[in-house]
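Student: Please read through the structure below; I'll follow up with questions.
The values are calculated or read from the model by the stated rules, or taken from the named source; none is laboratory data. Everything numeric in this text was worked out from a predicted model, so none of it was measured. Using ideal geometry, Cβ is built from the backbone for each residue, glycine included, and neighbour counts are taken over all protein chains shown. Protein only, heavy atoms only, side chains kept; ligands, DNA and RNA dropped before computing areas. Shrake-Rupley method; radii C 1.70, N 1.55, O 1.52, S 1.80 Å.
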Amino acid sequence: MELSCSMGGSTAAPPGPGPPAATGAGLMEGEEYESLPSGVALGTHMVAGAVAGIMEHTVMYPVDSVKTRMQSLQPDPKAQYRSVYGALKKMVLTEGLWRPLRGVNVTMMGAGPAHALYFACYEKMKKSLSDIFQSGGNSHLANGIAGSVATLLHDAVMNPAEVVKQRLQMFNSPYTSVLGCVRTVRRTEGLAAFYRSYTTQLTMNVPFQALHFITYELLQEHLNPLRLYNPGSHVVAGAVAGAVAAAATTPLDVCKTLLNTQENTALSSLNIRGHLSGMANAFSTVYRLGGLPAFFKGVQARVIYQMPSTAIAWSVYEFFKYFLTKQALEKKPSS
């Protein structure tokens, strides 16, 4: 994903094997995205990542609300939906225009710092590991490992926000505000409730991000072999990578949603008292309630959400990384 800057059709050397470097019109000779002065590159990745994360999670947020509801294992008769469009229409008509956006504020609060850490860690680890595994090249193994490790940081920040967000998204949610939800959950279930799904989320997100980054980088090699700043290739590769990863990890997402929401109707039907915890218990409960098909509840909404979200994240991230890097290089005094 570390693309070389290009201006006016000229290119700098791509990170992997490729043609010799040419001087960019607006950049210094030999300079690339990853060639920023010490201390600047990390900030570039963090700012770009934060903006990309907020955009990714907010633009398609109404579809995410639908996905959470469609993953309900025993939904209320008034909250049974056949399609994403039908669900959105029904939510707006019966619960109000802004209902699909409830919880978007806590998502924005979590997504900024989570993605800043995520992209900064990914970029640094990818470069270091690529030098070890494939010196001078682009190692897919390095991409997968870097994406997986970056997920550990991302989820540590994002998991509490996910718990609050999904409880606000549920049909007939007893919570009307973020602060009210946080206070009630803390008082009735303890602080551990905000990390009850952490291991399940990691188990989902590590393969999700590994598939995501590997697919993205593979597509970039074919669509953008010179690794220029190319918005079209970022959008297409991001959308396909997001769809593949989302579909493959839907069963884990269903389990995560159950752990986050502690769906009362579903748990009561199995005489489960207290709070459900642990990935193994979540898997067993989902299977008992709906068999194998239950693990793919909401897969359509999840793919529809992830395709544009991932495309937005990559295109915004690459634009800001390109723009901020270009600005930093232009300000750097020539030697």
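Student: Would you mind stating whether residue 184 is among the hydroxyl-bearing types (Ser, Thr, Tyr) and either assigned to a helix (DSSP H, G or I) or in contact (Cβ under 8 Å) with a residue 12 or more places away in the chain (or both)? Explain how you work it out, then say what you get.
Tutor: Values: among the hydroxyl-bearing types (Ser, Thr, Tyr): yes; either assigned to a helix (DSSP H, G or I) or in contact (Cβ under 8 Å) with a residue 12 or more places away in the chain (or both): yes.
Yes: the conditions hold for residue 184.
Student: Given the criterion at pLDDT below 95 and over 20 Å from residue 316 (Cβ atoms), identify the matching residue among 83, 65. Break it down into steps so the answer makes sense when it comes.
Tutor: Details: 65 fails: at pLDDT below 95.
Being at pLDDT below 95 and over 20 Å from residue 316 (Cβ atoms) holds for just one of 83, 65, which is 83.
Student: Given the condition modelled with pLDDT of 75 or more and hydroxyl-bearing (Ser, Thr, Tyr), answer yes or no: does some residue in segment 24-35 qualify? Steps first, answer last, please.
Tutor: Let us first name the residues in segment 24-35 that are modelled with pLDDT of 75 or more, namely none.
The answer is no; no qualifying residue exists.
Student: Among the residues of segment 191-215, how many are open to solvent by 30 Å² or more (accessible area, probe 1.4 Å) and touching a Gly at 6+ places or on another chain (Cβ under 7 Å)?
Tutor: 1
Student: Moving on to the next point. If you take the residues of segment 300-325 that are more than 30 Å from residue 270 (Cβ to Cβ), of a type in the set (A, V, I, L, M, F, W, C) and open to solvent by less than 20 Å² (accessible area, probe 1.4 Å), which of them is modelled with the highest pLDDT?
Tutor: Filtering segment 300-325 for residues that are more than 30 Å from residue 270 (Cβ to Cβ), of a type in the set (A, V, I, L, M, F, W, C) and open to solvent by less than 20 Å² (accessible area, probe 1.4 Å), the one modelled with the highest pLDDT comes out as 311.
Student: Taking the stated definitions as given, is residue 157 among the β-branched types (Val, Ile, Thr) and more than 18 Å from residue 42 (Cβ to Cβ)? Full working, then the answer.
Tutor: On the way: among the β-branched types (Val, Ile, Thr): yes; more than 18 Å from residue 42 (Cβ to Cβ): no.
Against the criterion (among the β-branched types (Val, Ile, Thr) and more than 18 Å from residue 42 (Cβ to Cβ)), residue 157 does not qualify.
Student: While we're looking at this one, here's another question. Please find, among 332, 297, the residue that is open to solvent by 20 Å² or more (accessible area, probe 1.4 Å) and at pLDDT below 85. Spell out the reasoning first.
Tutor: Details: 297 fails: at pLDDT below 85.
Sole residue among the options that is open to solvent by 20 Å² or more (accessible area, probe 1.4 Å) and at pLDDT below 85: 332.
Student: Find the residue count for segment 228-239, including only residues that are in contact (Cβ under 8 Å) with a residue 60 or more places away in the chain and touching a helix residue (DSSP H, G or I) at 6+ places or on another chain (Cβ under 7 Å). Give the steps one after another, and end with the answer.
Tutor: Initial filter on segment 228-239 (in contact (Cβ under 8 Å) with a residue 60 or more places away in the chain): 228-231, 234-239.
Next, only the ones that are touching a helix residue (DSSP H, G or I) at 6+ places or on another chain (Cβ under 7 Å) stay: 229, 231, 234-239.
Summing the residues that are in contact (Cβ under 8 Å) with a residue 60 or more places away in the chain and touching a helix residue (DSSP H, G or I) at 6+ places or on another chain (Cβ under 7 Å) in segment 228-239 gives 8.
Student: Select from segment 74-103 the residues that are touching a residue at least 60 places away in the same chain (Cβ under 8 Å) and within 16 Å of residue 173 (Cβ to Cβ) and write down the one among them that is surrounded by the most Cβ atoms within 10 Å (Cβ to Cβ).
Tutor: Restricting attention to segment 74-103, the residues satisfying the condition of being touching a residue at least 60 places away in the same chain (Cβ under 8 Å) are 74-76, 78-79, 83-84, 87, 102-103.
So of that shortlist, the ones also within 16 Å of residue 173 (Cβ to Cβ) come out as 74-76, 78-79, 87, 102-103.
On the way: 74: 14, 75: 18, 76: 12, 78: 10, 79: 17, 87: 23, 102: 22, 103: 26.
Out of the qualifying residues, it is 103.
Student: Follow-up question, since we're still on this one. Filter segment 217-234 down to the residues that are part of a helix (DSSP H, G or I) and in contact with a Ser or Thr (Cβ under 8 Å, 6 or more places away or on another chain), then identify the one that is surrounded by the most Cβ atoms within 10 Å (Cβ to Cβ).
Tutor: Within segment 217-234, the first condition is being part of a helix (DSSP H, G or I), and the residues that meet it are 217-223, 231-234.
Going one step further and asking which of them are in contact with a Ser or Thr (Cβ under 8 Å, 6 or more places away or on another chain), we end up with 219-220, 223, 231, 234.
Numbers: 219: 19, 220: 22, 223: 14, 231: 13, 234: 26.
Filtering first and then ranking leaves 234.
Student: For the list (1) over 15 Å from residue 306 (Cβ atoms); (2) of a type outside the set (Lys, Arg); (3) assigned to a helix (DSSP H, G or I), I need the number of the one condition that residue 207 fails.
Tutor: Result: residue 207 fails condition (1) only.
Student: Same structure, new question: Out of 237, 241, 248, which single residue is closer than 13 Å to residue 300 by Cα and either touching a Phe, Trp or Tyr at 6+ places or on another chain (Cβ under 6 Å) or open to solvent by 10 Å² or more (accessible area, probe 1.4 Å) (or both)? Please lay out each step first, then the result.
Tutor: Details: 237 fails: closer than 13 Å to residue 300 by Cα; 241 fails: closer than 13 Å to residue 300 by Cα.
One residue alone meets the criteria, 248.
Student: Out of (1) surrounded by fewer than 18 Cβ atoms within 10 Å (Cβ to Cβ); (2) in contact with an Asp or Glu (Cβ under 9 Å, 6 or more places away or on another chain); (3) not polar (S, T, N, Q), what's the single condition that is false for residue 274?
Tutor: The failed condition is (2).
Student: Let me ask something else about it. Quick check on my filter: what residues within segment 127-166 are open to solvent by 60 Å² or more (accessible area, probe 1.4 Å), assigned to a loop (DSSP other than H, G, I, E, B) and closer than 17 Å to residue 213 by Cβ?
Tutor: Listed by number, the list holds a single entry, 134.
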